[in-house]
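> Below: one structure in structure tokens.
Every number in this text was worked out from the coordinates using simple rules, so none of it is lab data. In this text, all values refer to a predicted model and were calculated from it rather than measured experimentally. Neighbour counts are summed over all protein chains in view; Cβ atoms, including those assigned to glycine, are modelled from backbone coordinates with ideal geometry.
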Amino acid sequence: MGKKKASKVCGLKPKKKCCRSSTRCVRCPVVIHKMQKLSGQGLSEKELGKALKKVRARAA
């Protein structure tokens with residue numbers, strides 16, 4: 001899929017069902033929903049990039 005800008009992730013169309021892999025994909029509905037919430041807070045591009053890594057990482 002290649003690299004996506006963190007600010008563009010919230011505008012992607014989510015997949016129908018989450019794959020629940022160890023690192024969530026960019027089009028996962030959970031990732032897109034959380035990034036939409038964070039982008040509404042007015043974070044900078046650098047902060048959104050860090051937030052995307054944190055949202056995609058799977059907590060054990």
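> Say the cut-off is 23 Å between C-alpha atoms; which of Lys5/Lys54; Lys8/Lys50; Lys16/Lys37; Lys17/Lys50; Lys16/Lys50 go over it?
Over 23 Å apart, Cα to Cα: Lys17/Lys50; Lys16/Lys50.
> For helix 45-56, report the angle its Cα long axis makes with the longest principal axis of the Cα atoms of the chain; keep it between 0 and 90° and round to the nearest 10°.
20 degrees
> Can you give the Kirkwood hydrodynamic radius of the chain from its Cα pairs, in Å with one decimal?
Evaluated over the chain, this radius sits at 11.5 Å.
> So what's the angle, to the nearest 10 degrees on a 0 to 90 scale, between helix 29-39 and the longest Cα principal axis of the chain?
Tilt of helix 29-39: around 10 degrees.
> Using DSSP to call loops (not H, G, I, E or B), can you name the trypsin sites (Lys or Arg not before Pro) in the chain whose Cβ has at most 11 other Cβ atoms within 10 angstrom?
Taking the chain and a limit of 11 other Cβ atoms within 10 Å, the loop trypsin sites (Lys or Arg not before Pro) found are Lys3, Lys5, Lys16, Lys17, Arg20, Arg58.
> Further question: Gain in length, Ser44 to Arg58, computed as 0.36 nm per residue apart minus the alpha-carbon separation, to one decimal in nm?
Here the segment from Ser44 to Arg58 would lengthen by 2.7 nm.
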